[in-house]
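The values are calculated or read from the model by the stated rules, or taken from the named source; none is laboratory data. Not measured: the values here are computed from a predicted model. Here the Cβ is made from the backbone with ideal geometry for all residues, glycine too, and neighbour counts use every protein chain on show. Ligands, DNA and RNA are excluded from the accessible area calculation, which covers all protein heavy atoms including side chains. Shrake-Rupley method; radii C 1.70, N 1.55, O 1.52, S 1.80 Å.
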Amino acid sequence: MIILLGPQRLAPVVGEVAASYGVAGHAAVITAGWQEREAEDEELFAALGMPGVNLQLYARWEEVARTDPALFAAHRERQDRLRALEELYDGRLRHVMAAARELMRAEGPLGLIESERESAIDAVRELDDHHLRRVAAIHAEFDARVKPTEHPALARHREQIRDVLARSEVVAIAGGHVGVLLNRLRLFGLGDAIGDRHVIAWSAGAMVCCGRIALFHDSPPQGAGNAEVFEHGLGLCPDYVALPHAKRRLRMSDPVRVALMARRLAPATPLTLELRDHVALDGGRVVGAAGACALGHDGSVTPIRPAAAAGGAA
Amino acid sequence: MSTALRQLLAGGRPRKAAIDAFLDAHEFPLVEGNHVTFIWRGQADGVRLRHFVYALQTEVNFQRVAGTDLWHCSLDLPRGSRIEYKIDVVRGANHKWIRDPLNPRMATDPFGANSVCACDGYEVPDWVVPDDEARHGTLEEHWLEPTPFGEARKVTVYLPARFRESRRYPLLVVHDGGDYMRFAALQTVLDNLIHRGEVQPLIVALTHPGDRLVEYPDDPRHTSFVAETLLPFMEARYPLWPDAAARVLMGASFGGVASLSVAWRYQGVFGGLLLQSGSFAFTDIGQHQRGPAFDPVVRFVNAFRENPGKPAQRAFVSCGQYESLIYENRSMVPFLQGIGVETRFTEARDGHNWENWRDRLQEGLSWLFPGPLWMVYE
C-alpha cells in the first residue's frame, strides 16, 4: 500500500489515515528533506502513532562526507554538473513554454489550432524527456565511475539501513527539500530497499514516490517561472505526479495553465495534495482518497475517487 | 482639505477644546484616498512642509486657521505613495526643521530622521519585521590590511543561519553595509527571506567606506579594494562558489555607482548587480548641473556609456519615482539590455531613501539569488 498525503505540519492526519487502511507496525522514518532539522521528529512520531526509527539519512551523509573526502568531492562535482544542466534546461524551457502558452491562449480555426497546440506541448514533453535522460546519464556515469556503494563509509550505512528496514513494516517519508530528500534516498539505496513495505509519504515525500518529480510555483517573489521536470522519482506510483500545496503554488483557477500542466505531464496524472488530502494506492489502483484532485487535459480539477482505474480521475 | 478638518472648521473658528479633541481623535497626517492633509499646531510666523518629492514644489506653505494656532496644508499623492518629510517652522528669521510631532512614523538615515507619510496602498512588507520563527544569521568582523587606501578597512560578514563549512554559498558585496543594516533592516530582511526559502543562503560582505563621495565614483583604489583585496580574502576565508555568476555587487545612490564601476573595471569577475537609485548622472553634451560631487560620477558614467563592455550577466535596477534620478535609472535599463545584461527594473512611488531601498530587497535578492522555495514542499 502506498499512501500519498498533503502537507502535515499544520494539520497532521497521517496517523488516522494510516490506521484507516490498516497500515501499522514498526516504521522506518525519513526526514532528510528537513536537512539540519532532521532529528526534530518528536511531533512526527506523535502524529504517526507508530513506533519506529528515524533513518537519519541527512546526518549519515554528513558523516560520510567527513570521513570520505574523495566520495564527497565526486558527489559535489556531480551536483555541479546537475545544476549546470538544470540551468541549460531552464533556458530552453523558457522558449518552448512561451510558445506552448501562447498557443494555448491563441484563437483560430479549431481544426488548425489544436494540432499546433499539441505540437507545441510535444516540444515541451520532448525537452522534459531529454532533460530526464541527461540527468539519468549523469547519475549512471557517477555510479559507474565512482562506485559509491563500494566505498566503505557509505556501504556501512547502507547495511545499517537495510537492518532497520528488515524489522520495519512501514516506511514514512516526510516533506521538505525535495532535491535533498531524493539525493539522500538514492545515496542510501532506498529505492530498492523499500521493497513491498507500506509507504506513507507526504508533500515532498509524496513527490519522490512518483514516477517523475515536477517543481512548480506560479507566484514566487522573483516572478512566475515555468514548472520544471526535476528528476525521476522512486517510481512507487509511476502513474502520478504529486503536486503538494497546489492551491497555494498553482493558479488553479486558470484552466489554460492547468490544462498545459496536465497535457505536458501525460500520460501521468498530476495529483493535487492539500492539507488533509490523501490518496491510497494498492498495486497501482486507487483504493481510497480524500480531497486529492487530478488535473485534466481540459483544465478541469476533478476529485480522485477510489472507483477510478489507475492513473485516472473519476 | 480632509473631511475631518472640514468638519472641524464647519462651525467657524474652533475652540481650543475642539482642536484638542480633533487631534486626539485622528492619526496624522490625514489620508483620504489620494488626498493627504498635514497638521501642525503651535505659534509661528510661518509653517512649511518640506518633502523630498522631486517634481513637486519642494516646500508647501501651511495655512493657519484664523484665530487659532492650528495650521494645515494638503498634497495629492498617488495611491501607494510613501514620502518622507519635515515641517519647517519659521519664527522671525529662524527656520527650524522638525519631525511632525503628531506623526509617530519616522524613518532614520545617516543624517537623522524624517517623518513618514504612507498613503493608501502602501504597507510595510511583513518580511522586514523580525520573525520569531526565522533563525538568525551571524556577523563577523574583519579588518583587511594592506588595502589600496593605505589603511586598514573593516568588513562585516553576514553568515546565514545554519552556516556550514561543507556547503558553498554565493557572495553578495554590499556597499555602505553598515547603513543598510541600520536603516534598511538588512540583517532582518536576510534572515526572513532565507528562512522563507525566497532567497538562497548566502554570505554577505558589508563594506564600510571612508569618504564615499570620493571613493565610490570609479576611484581605482576602491575598485581594486573590492576586486583584489576583499574578494580574495572572502574566497580564502569562506566556502564560496568559485564563479562570477555567484558574485553580486550591491549599492544605493553613490553605492550603485561604486558597484557598477567595480563590475566595469573587473569584467567577468562579478556576475550580478543590485543597483538601487544609482546616481548614474551623465551628459550627452555640455555640463551637468548637479554640483562638483557629481563631476567624477559624470566622467565615469559617460566613459561607461562610451565603452560599456559587459560588466555583468544580470542586473536588478530599482528607483523611486519621486527621485530626480528616476530618469537616469530608467535610461540605464535599455542601455544595459542593449549590451546583453539581463536586466530587471522596478520603480516605486517613493523617494531617495533607505526604506525605499529596503522595500525593494525582496524582489531584487530573490531574483538574483532565487531560494529553494522552488524545491521545498513541507
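Assorted remarks:
- Comparing the full protein assembly with the isolated chain, the residues of segment A:210-227 losing at least 30 square angstrom of accessible surface (1.4 Å probe) are A:215, A:217, A:221, A:222.
- Once the C-beta distance of residue B:303 and residue B:151 is scaled by a Förster radius of 25 Å, the resulting FRET efficiency is 0.35 to the nearest 0.05.
- Here is the list for segment B:78-116: chymotrypsin sites (Phe, Trp or Tyr not before Pro) lying in DSSP coil, each with at most 11 other C-beta atoms within 10 angstrom of its C-beta, are B:111.
- Segment B:318-371-segment B:1-68 distance, computed between alpha-carbon centres (Å): 34
- Qualifying trypsin sites (Lys or Arg not before Pro) in segment A:1-85, where qualification requires a DSSP coil assignment and no more than 14 other C-beta atoms within 10 Å, comprise A:9.
- Area hidden from solvent between B and A (accessible, protein heavy atoms only, 1.4 Å, total, Å²): 2400
- Accessible area of the protein assembly as shown belonging to carbon and sulfur atoms, whole % at 1.4 Å probe: 51
- Fraction of the pair-distance distribution of the protein assembly as shown above 34 Å, Cα-Cα pairs, percent: 57
- Taking the centroid of alpha carbons for each part, segment B:234-262 and segment B:182-202 are 17 Å apart.
- Taking all protein chains as they are arranged and a probe of 1.4 Å, the heavy atoms of residue A:44 leave approximately 20 Å² accessible to solvent.
- Seen against the Cα atoms of chain A and their longest principal axis, helix A:69-105 is set at about 20 degrees.
- Counted over chain B, the DSSP beta bridges are approximately 65% antiparallel.
- By DSSP, the beta bridges lying fully in the protein assembly as shown are antiparallel in about 60 percent of cases.
- Percent antiparallel among DSSP beta bridges (both partners in segment B:231-378, rounded to 5): 0
- Cα-centred dipole magnitude for chain A, charges only on beta-carbon of K, R (+1) and D, E (-1), debye, nearest 20: 120
- In loop segments of segment A:143-231 as defined by DSSP, the trypsin sites (Lys or Arg not before Pro) with at most 15 further C-beta atoms inside 10 Å of their C-beta are A:167.
- Cα long-axis angle, helix A:178-187 against chain A (0 to 90 degrees, to the nearest 10): 50
- Longest segment of chain A lacking GluC sites (Glu not before Pro) that sit in a DSSP loop with at most 13 other Cβ atoms within 10 Å: A:108-314
- For chain A: rounded, prolate or oblate by the Cα gyration tensor [a/c cutoff 1.5]: oblate
- Put simply, segment A:142-297 fits an ellipsoid with semi-axes of 30, 19, 13 Å; these come from the alpha carbon gyration tensor as the roots of five times its eigenvalues, largest first.
- Projected label distance in nm at residue A:143 and residue B:131, using a 7 Å step from Cα toward the beta-carbon: 3.8
- Surface per residue (accessible, 1.4 Å probe) for chain A, Å²: 42
- Inter-chain Cβ neighbour average for residues A:173-180, partner chain, 10 Å: 3
- Dipole magnitude of the protein assembly as shown, debye to nearest 20 (Cβ charges: Lys/Arg +1, Asp/Glu -1, about Cα centre): 500
- Acute angle (nearest 10 degrees) that the helix A:152-166 long axis makes with the longest principal axis of chain A, alpha-carbon atoms: 80
- Net dipole in debye of chain B [+1 Lys, Arg Cβ; -1 Asp, Glu Cβ; about Cα centre; nearest 20]: 500
- Local net charge near residue A:96, Cβ-Cβ under 14 Å (Lys/Arg +1, Asp/Glu -1): -2
- Förster radius 56 Å - calculated FRET efficiency between residue A:81 and residue B:25 (Cβ-Cβ, nearest 0.05): 0.25
- Packing-based order for A:250-256, A:289-295, using average beta carbon neighbours within 10 Å, highest first: A:289-295, A:250-256
- Projecting the Cα positions of B:112, B:7, B:97 onto the charge dipole of segment B:3-118 (unit charges on Cβ atoms of Lys, Arg, Asp and Glu, taken about the Cα centre) puts B:7 furthest along the positive direction.
- Segment residue A:42-residue A:287, length gained on full extension (0.36 nm per residue, minus Cα span): 85.2 nm
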